[in-house]
Amino acid sequence: MQGITEWIRGWKARGWKNAEGKPVKNDDLWKRLDAARALSLGAEVVAVARPLLEPALESSEAVEAWLRDFIHELRVALFVGGHKDLKALRKPG
């Protein structure tokens, strides 16, 4: 799990070398996983944006209310998922 969530950023920054400067093992697999993850994140953005269309056509107040509710639900989901310090989630990783 750490490979795709943490280590991959360093590998990419170092040109697919590990912390010791050696080639990452199975880098072809990691590159495919990274591409799939990027596609997945793009799909998530579309999934979030689509329900926002109706409030956007209604009014700016409706958009604000929708976003407020969405952010609240996101915070609850993150808290339930084990992220107790929500301020720490704002720090770039």
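FYI, it's all coordinate maths here, none of it is from the lab. From a predicted model like this one, the values you see are computed outputs, not experimental measurements. Glycine gets a Cβ as well: all are built from the backbone with ideal geometry, and neighbour counts include every protein chain shown.
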FRET E, pair R14, L57, Förster distance 41 Å, beta-carbon r, rounded to 0.05: 0.30
Separation of the S40 and R75 label points, Cα + 7 Å toward Cβ, nm: 2.7 nm
Principal axes of region 1-79: Cα extent on each, largest first, Å: 55, 24, 17
Sites matching chymotrypsin sites (Phe, Trp or Tyr not before Pro) across region 16-81 that sit in DSSP coil, with at most 15 neighbouring C-beta atoms within 10 Å: W16
